[in-house]
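*Asks:* Sharing a structure, written as structure tokens. Questions coming.
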Number of protein chains: 2
Amino acid sequence: MYPAQDPRLNHILDALPTLEHERLFPHLKLVPMPLGMVLYESGATLRHIYFPTDSIVSLLYVMQDGASAEIAVVGNEGAVGVSLFMGGETTPSRAIVQSAGSAYRLTGARLKQEFNRHGEMLHILLRYTQSLITQMAQTAVCNRHHSLDQQLCRWLLLSLDRLRGSELKMTQELIANMLGVRREGVTEAAGKLQKLGAIRYSRGKITVLDRPKLEKLSCECYAVVKKESDRLALPNRSS
Amino acid sequence: MYPAQDPRLNHILDALPTLEHERLFPHLKLVPMPLGMVLYESGATLRHIYFPTDSIVSLLYVMQDGASAEIAVVGNEGAVGVSLFMGGETTPSRAIVQSAGSAYRLTGARLKQEFNRHGEMLHILLRYTQSLITQMAQTAVCNRHHSLDQQLCRWLLLSLDRLRGSELKMTQELIANMLGVRREGVTEAAGKLQKLGAIRYSRGKITVLDRPKLEKLSCECYAVVKKESDRLALPNRSS
DNA sequence: GAAGTTCTGTACGCGAACGCACATAGTGAA
DNA sequence: TTCACTATGTGCGTTCGCGTACAGAACTTC
């Protein structure tokens with residue numbers, strides 16, 4: 001196991017071969033990721049790419065009227081700021097810390113430098129980007145066809161996968177923002193899950209009691225994203 | 001203007017510098033794209049990448065229960081099969097021709113060969129992929145927050161942008177499949193648009209009469225996608 | 001421990017889209 | 001012309017989530 005914080009807690013950084021590893025690690029900076037921290041605003045030029053270790057970041061789109069919807073969620077399996085190496089520099093969405101923790105970050109310039117060496121980093125980042133694409137696509141489908149109950153299950157599972165333990169600190173209000181639904185709707189859905197014994201919650205703390213039950217109640221979307229994400233993740237080199 | 005079919009009708013191919021242009025064009029094969037043609041199935045290994053000239057391709061996800069939803073639409077501004085160079089080889093969605101026409105295609109091997117030279121093609125494809133990402137994200141948001149009426153406008157505009165002329169051959173049934181809604185819902189929404197004088201339609205033929213009106217009735221999603229797509233498109237080298 | 005704030009629970013009417021059923025109208029083939 | 005088929009129009013009851021309003025409960029601060 002790694003110490004409390006180590007770049008290799010992030011799967012992308014962990015997957016780098018020794019050479020790139022040595023080249024890059026000295027430039028990584030560990031930064032705290034407090035709840036609600038905005039990593040970038042819609043349309044703003046990205047300055048860094050972030051590799052979460054134990055934090056979770058939501059990519060969400062905020063509309064003109066203030067309504068919002070989560071597009072994807074990023075944890076220690078990925079990176080925040082893919083548009084840096086994709087070439088667009090900006091992206092019309094907001095990245096906000098959904099679960100506090102830490103991340104390693106790299107300046108955009110340094111990242112692009114490494115990316116343009118066309119080494120393993122390029123392939124790893126592109127593969128990760130594809131899994132991100134899958135997640136977005138599945139979010140679109142899920143928003144169209146599935147019930148709030150199912151979506152809540154999907155969301156809980158996606159978050160759970162990116163955390164250690166089975167507890168997440170998150171008010172129903174915030175979850176509603178992420179899912180782009182009413183807070184009352186989340187209260188109701190969460191109430192059902194609690195009655196079923198799948199979760200327990202109280203004032204911003206949700207404990208998952210019965211994960212298999214949650215998976216059963218979720219729509220197929222979770223499984224699709226999970227499977228694709230696992231498939232596209234390269235094997236750890238340090239394990 | 002180009003002849004009836006020319007690789008440069010596709011914006012990506014058109015943006016290639018001379019050297020790559022000469023290297024690649026001999027390997028392009030012009031293929032007809034009849035309505036309903038499936039370019040790839042969910043999870044199937046991609047054999048080719050397609051560059052539409054005057055056809056439109058829908059990327060859609062089909063669920064276990066048969067329900068479907070469009071994730072993105074690709075015309076002469078882009079390419080179908082991005083997972084080939086992103087590294088995943090497959091993708092959990094289906095690509096199906098939504099508007100008949102033609103496309104140039106390249107074998108996956110040849111594409112990867114060119115991609116791995118790390119020339120201009122790589123950057124062009126990555127930038128395009130980012131605009132595709134934006135489209136998917138916006139689809140997710142739109143599915144969550146906007147009415148069927150608004151979504152129909154968005155969809156019509158996105159299709160229109162990828163066609164010459166202002167007429168599209170498309171039954172309400174098919175549109176419903178793309179949007180992931182009921183056919184009756186489309187009938188109703190299209191009826192409204194016709195009453196307002198924005199479109200005229202009859203048995204699988206839709207004519208846009210008043211595009212500005214359509215844009216006005218559409219949600220912001222169309223404009224966001226359009227703007228980002230334009231921003232990420234490189235300038236034509238041959239114009 | 002009192003007051004204020006935050007989080008959660010509940011209720012009611014409303015509107016959008018759904019599922020279903022069936023009617024009408026163009027279109028093409030025999 | 002007639003028939004079959006496809007595309008579109010319409011109606012009805014239902015469900016889901018929304019907007020609004022408000023009440024209770026738990027935590028924080030003073």
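*Asks:* Scan region A:208-219 and give yes if some residue there is within 12 Å of DNA strand C (Cβ to nearest atom) and aliphatic (A, V, I, L, M), otherwise no.
*Replies:* no
*Asks:* Now for a separate question. Give me a count of the residues in region B:132-149 that are of a type in the set (A, V, I, L, M) and without any contact (Cβ under 8 Å) to a residue 60 or more places away in the chain.
*Replies:* Total meeting the criteria: 4.
*Asks:* Next question, about the same structure. For residues that are within 12 Å of A:Leu152 (Cβ to Cβ) and within 16 Å of DNA strand D (Cβ to nearest atom), scanning just region A:197-215, find the one that is farthest from the other protein chains (Cβ to nearest Cβ).
*Replies:* Going through the qualifying residues, I end up with A:Tyr201.
*Asks:* Give me the residue from region A:163-177 that is among the polar types (S, T, N, Q) and touching a strand residue (DSSP E or B) at 6+ places or on another chain (Cβ under 6 Å) and, out of that set, farthest from A:Asn76 (Cα to Cα).
*Replies:* Filtering region A:163-177 for residues among the polar types (S, T, N, Q) gives A:166, A:171-172, A:177.
So of that shortlist, the ones also touching a strand residue (DSSP E or B) at 6+ places or on another chain (Cβ under 6 Å) come out as A:166, A:177.
Numbers: A:Ser166: 16, A:Asn177: 22 Å.
Restricting to residues being among the polar types (S, T, N, Q) and touching a strand residue (DSSP E or B) at 6+ places or on another chain (Cβ under 6 Å), the top hit is A:Asn177.
*Asks:* May I ask you to say which residue of A:Thr187, A:Thr139 is at pLDDT 95 or above, part of a helix (DSSP H, G or I) and more than 11 Å from chain B (Cβ to nearest Cβ)?
*Replies:* After ruling out the rest, the residue left standing is A:Thr187.
*Asks:* Only one of B:Leu148, B:Leu156, B:Leu193 is under 18 Å from the mean Cα position of the chain (by Cα), under 27 Å from A:Ala69 (Cβ atoms), more than 9 Å from every other protein chain (Cβ to nearest Cβ) and within 16 Å of DNA strand C (Cβ to nearest atom). Can you tell me which?
*Replies:* B:Leu156
*Asks:* While we're looking at this one, here's another question. Report those strands (runs of 3 or more DSSP E) wholly inside region B:7-104 carrying at least 1 residues which are within 11 Å of another protein chain (Cβ to nearest Cβ) and hydroxyl-bearing (Ser, Thr, Tyr). Working first, answer last.
*Replies:* Numbers: elements: B:29-33, B:38-40, B:48-52, B:56-62, B:68-74, B:94-99.
Qualifying strands (runs of 3 or more DSSP E): B:56-62, B:68-74.
*Asks:* Scan region B:159-184 residue by residue and report those that are within 11 Å of DNA strand D (Cβ to nearest atom), in a helix (DSSP H, G or I) and within 17 Å of B:Glu70 (Cβ to Cβ).
*Replies:* Hits for region B:159-184 are B:Gln172, B:Glu173, B:Leu174, B:Ile175, B:Ala176, B:Arg183.
*Asks:* Further question on the same structure: Restricting the search to region B:190-200, which residues are in a helix (DSSP H, G or I) and touching a strand residue (DSSP E or B) at 6+ places or on another chain (Cβ under 9 Å)?
*Replies:* Let us first name the residues in region B:190-200 that are in a helix (DSSP H, G or I), namely B:190-195.
Of everything in region B:190-200, those that are in a helix (DSSP H, G or I) and touching a strand residue (DSSP E or B) at 6+ places or on another chain (Cβ under 9 Å) turn out to be B:Ala190, B:Leu193, B:Gln194.
*Asks:* Here's another thing I want to ask about it. Could you tell me whether region B:132-139 includes any residue that is on the phi < 0 side of the Ramachandran plot and within 16 Å of DNA strand C (Cβ to nearest atom)?
*Replies:* Yes, because at least one residue in region B:132-139 is on the phi < 0 side of the Ramachandran plot and within 16 Å of DNA strand C (Cβ to nearest atom).
The values are calculated or read from the model by the stated rules, or taken from the named source; none is laboratory data. All figures in this text were calculated on a predicted structure; none of them were measured in a lab. When we count neighbours, we look across all protein chains shown, and the Cβ atoms used for this are built from the backbone with ideal geometry, even at glycine.
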